[in-house]
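Taken together, the values in this text are just the output of simple stated rules run on the coordinates, not laboratory data. Please read all numbers here as calculations on a predicted model, not as lab measurements.
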Ligand code: RET
């Protein structure tokens, strides 16, 4: 096993255990248990991706000879929509009237990941940075929706769920913003950090964005009174 493979084995073990632990730790009340399920399947997907990366399945040579891990993008393309859906449902108090916000946010998010992969696969420098910029534009769209319309509706709905939304929103934004930075500095971008270090950095980010966030979010739900879920106010 090469040194750059070690974080993948660590990732597989941590994600697999975290999936079970978050499920057991989650709020079991009927109103909120889908959040525990969301936060439990996210590390399960990641464990699968880390297993693939450890085994070398779906690892291809990038344009500059550095490996591109297709499993990582498959993981992000499926886990980030689940994390977003959970957060947006919280902001909207799960009210079906507002659920139309979920699809456009997820579309932008999947485009962000797909065009990030396009950037990693581009041999041409111009094409690479155009894809990177387009991915950042999609990311900006996601952040706009979370901090703009969804937060405004949450504000009007108020209550403990709004505080949970705010807390989770700040956490998610802070962690997600580091991903493009690591990408831009890693072998896919400027090549300032080597692949071995990048793989550890992405592992720390993934554990923070999926596991730490999963525990924090599920703990926060336990503080919400059951009758807040599905609440709606006129004009919101
Ligand atoms: C890329 C590269 C191109 C520019 C941008 C990116 C953003 C990636 C993000 C990933 C988040 C992943 C998470 C995974 C864990 O569940 C694709 C790195 C903007 C924000 C949260």
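Annotations
- Axis of helix 33-55 versus longest Cα principal axis of the chain: the two differ by about 10°, to the nearest ten degrees.
- Values of log10 I(q)/I(0), in the order q = 0.09, 0.10, 0.14, 0.15 Å⁻¹, for the range 96-236 under a Debye, Cα-only, solvent-free model: -0.36, -0.43, -0.77, -0.85
- Annotation: the chain has a Kirkwood hydrodynamic radius of 18.4 angstrom, from the mean reciprocal C-alpha pair distance.
- A Cα-only calculation for the range 24-120 places Rg and Dmax at 16.1, 51 Å.
- Relative to the dominant Cα principal axis of the chain, helix 125-147 is inclined by about 10°.
- From its DSSP helices (H runs of at least four residues, each -39,500 (n - 2.57)), the chain gives a residue-normalised ellipticity at 222 nm of -23000 deg cm²/dmol.
- Cα centroid of the range 27-64 to Cα centroid of the range 80-98, whole Å: 19
- Cα long-axis angle, helix 102-121 against the chain (0 to 90 degrees, to the nearest 10): 10
- Relative contact order [Cα under 8 Å, 6+ residues apart], the range 6-226, whole percent: 24
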